[in-house]
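Shown next, in structure tokens, is the structure this report addresses.
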Amino acid sequence: MRPIRAACLGTAAALVTLLAGTPVAAAAADSGPAHDKGRHRVITLVGRLAQQTRFPVNPGGAPAQGDRTVFRSILFDQHDNQVGETDGTCVTTRLDNGGAEECVVTYTLGGGQISVQGMVFGNLNPGPPPSFDNGITGGTGQFDRASGSVHADTIGMGERRFTIDLYL
């Protein structure tokens, strides 16, 4: 069995654009030792929330450690073409300092799936959801050897921009 390689969440968005056949911004290959054997791409996608369900530990009460959120978003490229989706779950791990969640997300694209995992800090603060960076932990199909990172920013109600820094 191949070991799981930690990387960042941005890879999923990049892969979606590649599979959709739309032009992507290709970066020069990284000369660093961790990524010197593969190809490097940066892909930007927009995710639009399609479904979200919350499972609180204390229904009707205050947020608690162990609260869970399950979600699904549709992914679009820069030309507003649907190129995939994300499905995931987040569990509240901390209540102080604005809160924190551990999230596990799968990006399903035309050539396979990308698995992403990481923390989101400040999820209990009022206002729009916070930006975050997560790591790519594995993939299937065309993304079997993917690594990198994903940076997410909230850009509208139920809408996030994903910048995927992908190594294949």
Practice item. Identify, among 50, 91, 121, the residue whose Cα sits farthest towards the positive end of the charge dipole of region 49-168, taking +1 on the Cβ of Lys and Arg and -1 on the Cβ of Asp and Glu, with the dipole about the Cα centre. Key: 91
Review point. Among 95-106, 145-156, how do they line up from the highest to the lowest mean number of other beta-carbon atoms within 10 Å?
Key: 145-156, 95-106
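Rule-based calculations on the coordinates, nothing more; no lab input. A quick note: this is a predicted structure, and the numbers were derived from the prediction, not measured. Here Cβ is always computed from backbone atoms with ideal geometry, including for glycine, and neighbour counts include all displayed protein chains.
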